[in-house]
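Let me give you the structure first, and then I'll get to my questions.
The values are calculated or read from the model by the stated rules, or taken from the named source; none is laboratory data. Note that the structure is predicted; figures quoted are calculated from it, not measured. Quick reminder, even Gly has a Cβ in these numbers, built from the backbone with ideal geometry, and neighbours come from all protein chains shown.
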Amino acid sequence: MTTFQPLGKIELIRGVDIDISYTHQYYFDTLADQEAFFSSRAVLFLENGTYQRKNINTIQVPYQADSIADYKYLRWQNPQYSSKWYYAFITSIDYINPGTSQINYALDVYQTYLFDIVWKQSFVEREHTRRWTTDSKLNRIPVVNTEPEGLEYGSEYTTVDEEEFEQIPDVGWLVFGSTKIGSSVPRNIGNMPTGIIYTFVPVSTNQRRNLTFTSGKRTLLDGWTALSLFARDTTLVNSLCSVVFYPFLPLRGITYTQSGNTIDLSFASPVATVTLTGGLTTGNYVFRFTGLVSATNDFIVPVEFQDSKYIYEGFPNYSESKLLMFPYSFMELTTKRGDSMVIKMEYCEDRLTGTKLRIGAYGTISSVNKMVYAIRNYLSDMNGYNMVNGLADSSNSNLPITDDYTASYMQANSNSLRVAESNARYSELTTIDNAYRSYETAMSKRNAEGIKDVASVGENLATGTLMALVGSAVGSVGMGVGGAGSIGSGISGIVGGIADYLQSGKEARSDYWNKYYSAGTDYANAVASVMAKKNDAKQIPPTSKSLGGDYIFNMANNCDKLYLRRKTIYPEYANKLSDYFKQYGYKVNRLEIPNFHTRASWNYIKMTEPNVYGNIPNDDLMQIRDIFIKGITLWHGNYIGNYSRNNDEI
């Protein structure tokens, strides 16, 4: 009876670069491609070999060991039972005798069961994905992948582009908050009372450029003069609550025209061009915020800026799109005064439409320059501008406030000084008047006494008493000629009376002039006292009411604007990461059917939980599973390890 001996077909293969580590493998789209690839590399053929069983892992061949020492791969087929090829790694070759060698092998479970595997959705940790897409304007933009890589990218960034934003080139604003001017102006912003009137003056922020500002045909007061007048003018001093520098004025409808170094300004908001009070002549104009309510428009509105470039323009031309995502690349919005925010381009909705980045500067008119800068359509904000994820400018832009003590003293004491001087003058005039009245009274009394004496002489003449008359007359005039008897006595009386009359006149006149000169001296002393107080005030230098912030430093160092920077990692790390991403793709950490052939030359795949099934022995199925947990690179041609090849998406 004839015994049937099943035969096996064995092929020894050269020129393949795969090994039992399963780090690299060939990927074929069809079974025909696989068979054609290995058939073209089969060198030695055993058509009538023994039946091969994958568990035995050995085979004897009629070749001397040294002649086949460089063979690393084989395949076999048991054609009487199946057309399936089994692929295996040659692990070693043992010498049996000069004409026989034993080949030890391990089954290549991937190539053997490549077209028996059934893949279901698996949790893929890392793979090559699609890197680029286009926006609505056909600009190339990255496909978003924000999964952290956990790779070193350095601690520093380089700025590859910077743009500065100004409401009006080289122009900022000084906003003066005051309580004593413009009392007829409503003290409110919208419907909210403030108690403060705001006056503002444009200033040049360019140290090398002297600008003149006009509004219509009116030349505006320059900032230095306005600040000086608030400090020195007696009607303005002590009225200043704040002086704040604003890089942008958040008012509706600011327009300007420019001719050389002259800038003409106009407003649609409730802003009046007025003459600053305080003794200024017409022609010294400033802007004053009236705070009126508009039934149709808001007058405090954000200032909107637009980037001059598309979102990804200005960055290096990276081949790996993930290098254009945070933390490798980003935009930075900064004031250069210590405040900044990171803008992750992948969260800008406008990236899909090709719209350039827009920035809204939100603020108000107040004694504190509080500004918030927000990015339009950033982080899926439904209202356009998202202030929650914006940049709050917390820098101190207040300017120093000084008061001139003389002006302050004069302002506070002007009434009392005027009253003191007036009282002194009134006292002088009153004293002189009273002295004169006393003088007139004394003179009237003296004249009356003289008339009485003359009347007495006439009466004596009438009675004939001559001696008595002579004695009385002489006594009255005070001649004092002496002698005995009644004649001598009478003459003496007349002389004494005349002397008294003359003396009383001298005393009255002397008293008047003493009081007159004394009143003048008192008035001069009182006026001198008032002037001394004024002079004392002048000796006190202007004092600082508020030290202000660091605006002068900011302007001197070009830190008074808003800046948008494009920043990326340094080339040293960018090159390393680019090579890594090219070789291993990106982290994805998502549930999907893996990408086995989406690139031109190779695909890398690493899974956390491979869901692999099929008509495959369980031990081989588990080994396949472990291969993909470890990570494997699938090559689409016989160029394993050649990472210099193009590997673009297909």
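Could you tell me how many of the residues in the range 259-269 are part of a loop (DSSP other than H, G, I, E, B) and in contact with a Phe, Trp or Tyr (Cβ under 6 Å, 6 or more places away or on another chain)?
Looking only at the range 259-269, we keep the residues that are part of a loop (DSSP other than H, G, I, E, B), and these are 260-261, 267-269.
Right, trim to in contact with a Phe, Trp or Tyr (Cβ under 6 Å, 6 or more places away or on another chain) and you get 269.
Of the residues in the range 259-269, 1 are part of a loop (DSSP other than H, G, I, E, B) and in contact with a Phe, Trp or Tyr (Cβ under 6 Å, 6 or more places away or on another chain).
Can you give me the number of residues within the range 337-374 that are in contact with a strand residue (DSSP E or B) (Cβ under 6 Å, 6 or more places away or on another chain) and within 30 Å of Phe245 (Cβ to Cβ)?
Number satisfying all stated conditions: 20.
What number of residues within the range 106-122 are assigned to a strand (DSSP E or B) and buried (at least 19 other Cβ atoms within 10 Å of the Cβ)? Write out each step before concluding.
Within the range 106-122, the first condition is being assigned to a strand (DSSP E or B), and the residues that meet it are 106-107, 118-119, 122.
Still in the list and also buried (at least 19 other Cβ atoms within 10 Å of the Cβ): 107, 122.
Result for the range 106-122: 2.
Quick one: how many residues across the range 393-415 are exposed (fewer than 15 other Cβ atoms within 10 Å of the Cβ) and either part of a loop (DSSP other than H, G, I, E, B) or at pLDDT 80 or above (or both)?
In the first step, residues of the range 393-415 are kept if they are exposed (fewer than 15 other Cβ atoms within 10 Å of the Cβ); the result is 394, 412, 414-415.
After this cut, where a residue has to be either part of a loop (DSSP other than H, G, I, E, B) or at pLDDT 80 or above (or both) as well, the list is 394.
Result for the range 393-415: 1.
If you don't mind, another one. Of the conditions (1) part of a loop (DSSP other than H, G, I, E, B); (2) over 30 Å from Ile311 (Cβ atoms), Ile103 clears all except one; give me its number.
(1)
Also: Among the candidates Glu125, Glu147, single out the residue that is modelled with pLDDT of 95 or more, charged (D, E, K, R) and crowded, with 18+ Cβ neighbours inside 10 Å. Walk me through how you get there before you give the answer.
On the way: Glu147 fails: crowded, with 18+ Cβ neighbours inside 10 Å.
The unique qualifying residue is Glu125.
Can you tell me how many residues in the range 559-608 are assigned to a strand (DSSP E or B) and either closer than 30 Å to Ala392 by Cα or modelled with pLDDT under 95 (or both)?
First, pick out the residues of the range 559-608 that are assigned to a strand (DSSP E or B): 562-569, 586-592, 599, 602-608.
Remaining after also requiring either closer than 30 Å to Ala392 by Cα or modelled with pLDDT under 95 (or both): 562-569.
The total comes to 8.
Within the range 56-78, identify whether any single residue is surrounded by fewer than 15 Cβ atoms within 10 Å (Cβ to Cβ) and closer than 26 Å to Asn611 by Cα, and answer yes or no.
Residues of the range 56-78 that are surrounded by fewer than 15 Cβ atoms within 10 Å (Cβ to Cβ), as a first pass: 56-58, 60, 62, 66-67, 69-70.
Narrowing further to those that are closer than 26 Å to Asn611 by Cα: none.
No, the conditions are met nowhere in the range 56-78.
Let me ask another. Collect the residues in the range 340-368 that are among the hydroxyl-bearing types (Ser, Thr, Tyr) and either more than 30 Å from Phe176 (Cβ to Cβ) or in a helix (DSSP H, G or I) (or both), keeping them in residue-number order. Working first, answer last.
Pass one, the range 340-368, residues among the hydroxyl-bearing types (Ser, Thr, Tyr): 340, 347, 353, 355, 362, 364, 366-367.
If the condition is that a residue be among the hydroxyl-bearing types (Ser, Thr, Tyr) and either more than 30 Å from Phe176 (Cβ to Cβ) or in a helix (DSSP H, G or I) (or both), then Tyr347, Thr353, Thr355 are the ones that fit.
Report yes if some residue within the range 363-373 is touching a Lys or Arg at 6+ places or on another chain (Cβ under 8 Å) and modelled with pLDDT of 95 or more; otherwise report no. Write out each step before concluding.
Here is the first cut: in the range 363-373, the residues touching a Lys or Arg at 6+ places or on another chain (Cβ under 8 Å) are 363-364.
Filter once more, keeping what is modelled with pLDDT of 95 or more: none.
Checked the range 363-373: no residue is touching a Lys or Arg at 6+ places or on another chain (Cβ under 8 Å) and modelled with pLDDT of 95 or more.
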